[in-house]
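Q: Sending over a structure as structure tokens; questions will come in a sec.
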Amino acid sequence: MTDRSLWSYKDIAAHIKVQPDTVRSYRKHGLLPPPDHVEAGKPYWYADTVRAWVASRPGNRGRRGG
């Protein structure tokens, strides 16, 4: 089953435990996938897109929170 809920910078930041400005910086530097949807000039990503990106991020293998 796919998760098509749309995530903002804030949602992505909460998921990977960083500040929203960090996520904006990732996008600015081409480290974030292109947004799946843009509404009123604001980018949004599907939850599945974010999870796939997180899983493929360098240095994220075997990392544990906390």
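Q: Okay, helix-only estimate at 222 nm for the chain: each DSSP H run of n ≥ 4 adds -39500 (n - 2.57), divide by all residues, round to 500 deg cm²/dmol; what do you get?
A: Taking each H run of at least 4 residues, the total per residue is -11500 deg cm²/dmol.
Q: Moving on to the next point. Scan [x] 4.5; [y] 5.0; [z] 5.6 for the value of mean projected area of the Cα convex hull in nm² calculated from this model and give just the label.
A: Step by step, mean projected area of the Cα convex hull in nm² for this structure corresponds to label [y].
Q: Under 5 Å between amide H atoms, partner at least 5 residues away or on a different chain: which partners does TRP7 have, H built in plane at 1.01 Å?
A: Distant-sequence amide H within range of TRP7: TRP45, TYR46, ALA47.
Q: Just to confirm a number: summing +1 for Lys and Arg and -1 for Asp and Glu over residues other than LEU6 whose beta-carbon lies under 13 angstrom from that of LEU6, what do you get?
A: It works out to a net charge of -2.
Q: Let me ask something else. Under a Cβ-Cβ cut-off of 14 Å, what is the net charge of the residues other than TYR46 that fall near it, where Lys and Arg count +1 and Asp and Glu count -1?
A: Counting the neighbours of TYR46, the net charge comes to -3.
Q: Could you tell me what percent of the accessible area of the chain is made up of carbon and sulfur, with a 1.4 Å probe and every protein chain present?
A: Looking at the chain in its full context, I get 51 percent from C and S.
Q: What is the sum of charges, Lys and Arg at +1 and Asp and Glu at -1, for the other residues whose Cβ falls under 13 Å from the Cβ of LEU31?
A: Local charge sum for LEU31: +4.
The values are calculated or read from the model by the stated rules, or taken from the named source; none is laboratory data. Treat the numbers as computed from the prediction; the structure is a model and nothing was measured. Don't worry about glycine lacking a Cβ; one is built from the backbone with ideal geometry, like all the others, and counts go over all protein chains shown. In case anyone asks, the SASA skips ligands and DNA or RNA and just uses the protein heavy atoms, side chains included. Shrake-Rupley method; radii C 1.70, N 1.55, O 1.52, S 1.80 Å.
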